[in-house]
1. Evaluate the range B:31-46: report whether one residue or more is out of contact with any strand residue (DSSP E or B) (no Cβ under 9 Å at 6 or more places or on another chain), touching a residue at least 40 places away in the same chain (Cβ under 8 Å) and within 14 Å of chain A (Cβ to nearest Cβ).
2. Say whether the condition of being surrounded by fewer than 17 Cβ atoms within 10 Å (Cβ to Cβ), touching a strand residue (DSSP E or B) at 6+ places or on another chain (Cβ under 7 Å), outside any strand (DSSP E or B) and at the interface with chain A (Cβ under 8 Å from one of its Cβ atoms) is met by at least one residue in the range B:133-144.
3. Scan the range A:57-80 for residues that are surrounded by 19 or more Cβ atoms within 10 Å (Cβ to Cβ) and either more than 7 Å from chain B (Cβ to nearest Cβ) or outside any strand (DSSP E or B) (or both) and jot them down.
4. From the list B:150, B:124, pick out the single residue that is within 12 Å of the chain's Cα centre (by Cα) and more than 9 Å from chain A (Cβ to nearest Cβ).
5. Quick one: residue B:64 ticks every box in (1) outside any loop (DSSP other than H, G, I, E, B); (2) at pLDDT 85 or above bar one, so which box is it?
6. Condition first: facing another protein chain (nearest Cβ under 10 Å), out of contact with any strand residue (DSSP E or B) (no Cβ under 6 Å at 6 or more places or on another chain) and assigned to a helix (DSSP H, G or I). Now tell me which residues in the range B:102-117 satisfy that.
7. Among the numbered conditions (1) farther than 19 Å from residue B:118 by Cα; (2) without any contact (Cβ under 8 Å) to a residue 60 or more places away in the chain; (3) in contact with a helix residue (DSSP H, G or I) (Cβ under 9 Å, 6 or more places away or on another chain), tell me where residue B:17 comes up short.
């Protein structure tokens, strides 16, 4: 059975990235309890977006996508 | 206020027209290959550098420095400490930015249009590699981004991060 765990250096990178994003999400949640705040990072397929938007209509986005960059999405929903 | 009557990036009467496509922004059209050459000092004439060049390289350098901060703390201390450094730093920056937005609009609760404006405004000064594609209605604001301050294709991990 193949090893499903990422290489150690990738696991470290993901830990750092997760905490980077948690930093601002937690700040927003604390300061704006009227919002539900969600983030998803390292998205490579638009199907994985939290909210479907036609991101590919932006030429600058497509340039980055062609360069192999992933992207992320931050979503604010008003809950009251 | 009909959205169509607003200029790009303009806010009026609680309506905001997002920047949308950031190809309009300084440095956005500088190719990755040129950024890498400039960053490697593979050029001679300083006076030939354009404002676009400088915006693009400055933006990329800030990403590299931010990314390297985490890698360095991780190496000198531990990945957990590096992660906590990121958390505390970004948490403080985000809270400060949010409070600035509240003060700017003179409110204790941002509307969707104000939040959309704030997201564009807070990303614009980080340069062309942190584009924020903002869309909103009355209940939901979405910010889809190509990158962020630690976006960097790290050669060791082969991981494009954001």
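The values are calculated or read from the model by the stated rules, or taken from the named source; none is laboratory data. Note that the structure is predicted; figures quoted are calculated from it, not measured. Here Cβ is always computed from backbone atoms with ideal geometry, including for glycine, and neighbour counts include all displayed protein chains.
1. No, because not a single residue in the range B:31-46 is out of contact with any strand residue (DSSP E or B) (no Cβ under 9 Å at 6 or more places or on another chain), touching a residue at least 40 places away in the same chain (Cβ under 8 Å) and within 14 Å of chain A (Cβ to nearest Cβ).
2. Yes, the range B:133-144 contains at least one residue that is surrounded by fewer than 17 Cβ atoms within 10 Å (Cβ to Cβ), touching a strand residue (DSSP E or B) at 6+ places or on another chain (Cβ under 7 Å), outside any strand (DSSP E or B) and at the interface with chain A (Cβ under 8 Å from one of its Cβ atoms).
3. Correct list: A:58, A:60, A:61, A:64, A:69, A:70.
4. After ruling out the rest, the residue left standing is B:124.
5. It fails just one condition, (2).
6. Result: B:102, single match.
7. Of (1) farther than 19 Å from residue B:118 by Cα; (2) without any contact (Cβ under 8 Å) to a residue 60 or more places away in the chain; (3) in contact with a helix residue (DSSP H, G or I) (Cβ under 9 Å, 6 or more places away or on another chain), only one is false for residue B:17: (1).
Residues are listed down the side, and each one gets a yes or a no for (1) modelled with pLDDT under 95; (2) within 23 Å of residue A:29 (Cβ to Cβ):
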| residue | (1), (2) |
| --- | --- |
| B:68 | yes, no |
| B:81 | no, no |
| B:86 | no, yes |
| B:92 | no, yes |
| B:105 | no, yes |
